[in-house]
Amino acid sequence: MAKNLVQKLIESHLISGEPVKGNAIGLRIDQTLTQDATGTMAYLQFEAMGIDRVKTELSAAYIDHNTLQTGFENADDHKYIQSCAARYGLWFSRPGNGICHQVHLERFGKPGKTLVGSDSHTPTGGGIGMLSFGAGGLDVACAMAGMPYHITMPAVVGVELKGRLSYGVSAKDVILELLRRVSVKGGVGKVFEYRGEGVKTLSVPERATITNMGTELGATSSVFPSDDITRDFLRREGREGDYVPLCADTDAEYDEYITIDLSAVVPLAACPHSPDNVVPVSELAGVKVDQCCIGSCTNSSYNDLMKAAAILKGKTVSASVSLTVSPGSKQVLSLVAKNGGLADIIGAGARVLECACGPCIGMGQSPCSGGVSLRTFNRNFFGRSGTRDAGVYLVSPETAAASALTGYITDPRTVKGIENIPLPESFEPDDNMIIPPFAPGDAEKQTVAKGPNIKPFPVGKKLEDTVQSEVTLCVGDNITTDHIMPAGAKILPYRSNVPYLSTFCFTVCDPEFPKRMAEKGTGVIIGGSNYGQGSSREHAALAPLYLGVRAVAAVSFARIHRANLINNGILPLMFKNESDKEKFSLGDGVELPGVRSRIAEGKEIVIKNMSTGESAVCECPLSEREKQCLLAGGLINVIKGEKNG
């Protein structure tokens with residue numbers, strides 16, 4: 001039987017379950033990655049399991065998010081993560097070496113391997129032919145411990161690429177075109193597999209841009225075949241031996257089909273405040289720009305920066321614009337400097353930032369009040385930039401550079417000098433900022449260092465027979481993890497301190513929510529569709545857990561956040577009838593009668609509104625493993641029970 005590439009990758013790593021769409025399956029994981037904003041919690045959870053050493057083929061810890069050190073907190077987290085890497089056998093990428101996804105693609109990614117990372121943009125690895133998943137820290141900790149990674153067997157969308165990109169159009173415009181068509185929730189439960197003659201026209205970094213931002217579709221993952229382009233990239237990285245050819249069978253079938261003619265794609269922009277609010281750049285011509293930021297794990301490759309440099313060469317950034325450039329890795333920065341691009345960027349008046357996530361995660365460079373910021377990033381959620389009334393547009397490096405010069409949103413096709421940048425013959429890899437794993441004997445001698453800001457993570461309690469609580473928050477559709485647990489330079493340093501972090505929980509939506517939860521001690525949240533879209537941050541479940549949230553009843557959930565809720569013992573309930581969410585208001589008393597037995601037996605859950613007398617029926621489809629998690633009050637409790645059993 002002919003198979004698509006996703007089916008081949010899943011079947012070659014299948015540990016449990018039947019690979020039939022909708023079934024629960026467990027996969028063997030070859031590699032893991034963490035970053036510092038989520039990594040501390042992942043390693044605390046790994047330590048709690050009592051495992052002596054990671055059991056994957058390769059696990060890597062990156063420092064790339066919390067690099068603004070205005071106090072001891074971030075530095076302490078870095079020290080803790082480095083000490084965990086030394087103690088438990090991980091590779092450690094030091095601050096300044098680059099963004100986890102860019103560096104992993106360069107130095108560790110291998111076609112045909114599976115990768116789980118505590119960052120939602122881990123599917124970047126699909127650009128090199130990996131089957132990669134973003135996940136919460138606990139799932140990553142389990143993978144490091146040698147446990148399977150559990151997902152629902154996804155539907156596979158075959159994306160046929162035809163033709164070739166035109167002048168001034170980039171891979172960023174391709175994924176924006178897909179977002180325009182499919183929306184931020186159109187990819188839930190699906191993997192996007194790219195195929196067709198157009199694939200051969202895209203470099204690995206361009207493919208990685210597309211798979212990176214596939215996360216914004218709500219997709220489980222995205223993947224390209226591994227072909228001669230992949231082999232050539234690995235050769236330039238000095239890793240040709242890692243190449244494995246991979247592709248779908250010629251007559252493979254897909255659950256859905258999408259065709260994109262690359263030659264018909266135009267420069268696009270995602271307007272505030274959603275990645276799928278996409279229009280042609282030409283329709284925005286004349287919109288005044290205050291800031292342009294080039295970088296992020298989506299667009300910080302050598303080619304991205306060299307194209308921007310070619311546009312900026314010999315010119316000066318508009319006096320009304322602040323332009324920042326964040327190289328994706330030390331390798332990228334070194335090559336751009338060697339080949340003259342850095343001089344062109346600096347000469348034009350850009351501000352060059354360190355090789356890190358920086359503004360994308362809200363770590364500095366907030367735009368001015370009411371400002372318009374063009375960013376080559378992957379998210380433009382409300383308030384994410386650090387300026388609540390700013391208008392953030394997601395664009396390609398070419399559009400950002402062209403607009404920085406004119407001071408207005410500018411179609412890059414109207415600008416001369418966008419060269420077809422060839423990849424360097426060699427990327428001249430230098431891994432002096434990566435510390436390899438300690439040998440087992442030496443690793444056992446290492447001491448794990450924990451600073452005073454690193455607090456124990458909260459653990460859920462066993463699900464009771466009947467839950468009695470109160471509606472403590474009502475929210476609408478497309479609530480993101482940035483709404484639930486904001487990022488930014490003021491909050492990120494406390495990712496290791498859930499008690500303090502929880503005081504910011506949902507304050508974007510309701511400043512009184514943490515105080516209300518402290519007074520009530522327990523609560524139920526009512527939400528709309530696509531609840532929890534965005535990042536993999538487990539803190540969007542841990543902070544509500546600490547505050548006493550027992551259940552979230554919503555129309556639908558984003559994949560990773562739903563998994564994080566279950567892993568931490570919070571009930572993710574879906575209204576059987578969408579309109580039933582209107583039966584509940586802030587302050588209503590609620591009861592979930594017999595919920596424990598109903599979860600155990602796979603029955604529908606009833607939520608009674610004790611204030612109005614109305615009730616709503618909710619579905620909670622669960623695998624046996626997920627049932628165990630909710631009944632025990634979370635995955636950690638299940639693991640502890642298994643060890644003690």
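The values are calculated or read from the model by the stated rules, or taken from the named source; none is laboratory data. Predicted model, so just to flag it, every value in this text is computed and none were measured. Cβ placement follows ideal geometry from the backbone for every residue including glycine, while neighbour counts extend to all protein chains displayed.
Could you go through the range 180-190 and let me know if any residue there is in contact with a helix residue (DSSP H, G or I) (Cβ under 6 Å, 6 or more places away or on another chain), closer than 23 Å to Lys21 by Cβ and of a type in the set (S, T, N, Q). Among the residues of the range 180-190, not one is in contact with a helix residue (DSSP H, G or I) (Cβ under 6 Å, 6 or more places away or on another chain), closer than 23 Å to Lys21 by Cβ and of a type in the set (S, T, N, Q), which makes the answer no. Taking the conditions exactly as written (closer than 22 Å to Thr414 by Cβ and either surrounded by fewer than 24 Cβ atoms within 10 Å (Cβ to Cβ) or touching a strand residue (DSSP E or B) at 6+ places or on another chain (Cβ under 8 Å) (or both)), does Ser334 satisfy them or not? When the stated conditions are applied, Ser334 does not pass them.
Annotation note: of Ser221, Ser300, Ser226, Ser274, the sole residue that is in contact with a Phe, Trp or Tyr (Cβ under 9 Å, 6 or more places away or on another chain) and under 18 Å from Ser373 (Cβ atoms) is Ser274. Exactly one residue out of Gly241, Gly187, Gly198 is among the small types (Gly, Ala, Ser) and either assigned by TED's automatic domain parsing to the domain that holds Ser334 or in contact (Cβ under 8 Å) with a residue 40 or more places away in the chain (or both), and it is Gly198.
Within the range 411-422, none of the residues are modelled with pLDDT of 95 or more, over 30 Å from Lys490 (Cβ atoms) and within 27 Å of the chain's Cα centre (by Cα). Residues of the range 3-17 that are of a type in the set (Gly, Ala, Ser) and surrounded by fewer than 16 Cβ atoms within 10 Å (Cβ to Cβ): Ser12, Ser16. Screening the range 478-526 for residues that are in contact with a Gly (Cβ under 7 Å, 6 or more places away or on another chain) and assigned to a strand (DSSP E or B) and picking the one that is surrounded by the most Cβ atoms within 10 Å (Cβ to Cβ) gives Thr480. Please go through the range 124-135 and give me each residue that is part of a loop (DSSP other than H, G, I, E, B) and either surrounded by fewer than 24 Cβ atoms within 10 Å (Cβ to Cβ) or on the phi < 0 side of the Ramachandran plot (or both), ordered by number. Scanning the range 124-135 gives Met130, Ala135. If you go through the range 238-266, how many residues are within 24 Å of Val332 (Cβ to Cβ) and touching a Leu at 6+ places or on another chain (Cβ under 9 Å)? Total meeting the criteria: 4. The requirement of being part of a loop (DSSP other than H, G, I, E, B), of a type in the set (A, V, I, L, M) and in contact (Cβ under 8 Å) with a residue 12 or more places away in the chain is not satisfied by Leu565. Starting from residues that are buried (at least 24 other Cβ atoms within 10 Å of the Cβ) and of a type in the set (Ser, Thr, Tyr), keep the ones in the range 278-298 and report whichever is farthest from His65 (Cα to Cα). Checking each candidate, the answer is Thr298. Please list, ordered by first then second residue, the pairs with beta carbon atoms under 6 Å, 6 or more apart or interchain, first in the range 71-96 and more than 19 Å from Ile51 (Cα to Cα), second among the β-branched types (Val, Ile, Thr). The qualifying pairs are Asp77/Thr40; His78/Ile63; Ser93/Val103; Ser93/Ile434; Pro95/Ile63; Pro95/Thr67.
Filtering the range 62-91 to residues that are hydrophobic (A, V, I, L, M, F, W, C) and more than 20 Å from the chain's Cα centre (by Cα) leaves Leu68, Phe72, Ala75, Cys84, Ala85, Ala86, Leu90, Trp91. As for the range 136-148, it holds no residue that is touching a Cys at 6+ places or on another chain (Cβ under 8 Å), of a type outside the set (Val, Ile, Thr) and crowded, with 24+ Cβ neighbours inside 10 Å. Screening Lys172 on (1) closer than 19 Å to Ala356 by Cα; (2) crowded, with 24+ Cβ neighbours inside 10 Å; (3) of a type in the set (Lys, Arg) shows it passes everything except condition (1).
Just one of the listed residues (Ile346, Ile311) is crowded, with 24+ Cβ neighbours inside 10 Å, of a type in the set (A, V, I, L, M, F, W, C) and more than 24 Å from Glu216 (Cα to Cα), and it is Ile311. Restricting attention to the range 349-365, the residues that are surrounded by fewer than 21 Cβ atoms within 10 Å (Cβ to Cβ) and either over 27 Å from His78 (Cβ atoms) or not β-branched (Val, Ile, Thr) (or both) total 5.
Starting from residues that are small (Gly, Ala, Ser) and assigned to a loop (DSSP other than H, G, I, E, B), keep the ones in the range 569-589 and report whichever is farthest from Ala543 (Cα to Cα). Checked the range 569-589; the qualifying residue farthest from Ala543 (Cα to Cα) is Ser585.
A quick yes/no check of all residues on (1) without any contact (Cβ under 8 Å) to a residue 60 or more places away in the chain; (2) among the aromatic types (Phe, Trp, Tyr); (3) within 26 Å of Gly386 (Cα to Cα):
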| site | (1), (2), (3) |
| --- | --- |
| Lys520 | yes, no, no |
| Gly527 | yes, no, yes |
| Gly532 | yes, no, yes |
| Pro544 | no, no, yes |
| Arg550 | no, no, no |
| Phe575 | yes, yes, no |
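Criterion applied to Gly460, Gly521 was being among the small types (Gly, Ala, Ser) and outside the structural domain of Ala558 (by TED's automatic domain parsing), and the one residue passing it is Gly460. Among the residues that make up the range 261-278, is at least one of them within 24 Å of Pro111 (Cβ to Cβ) and of a type in the set (A, V, I, L, M)? Yes, that holds for at least one residue.
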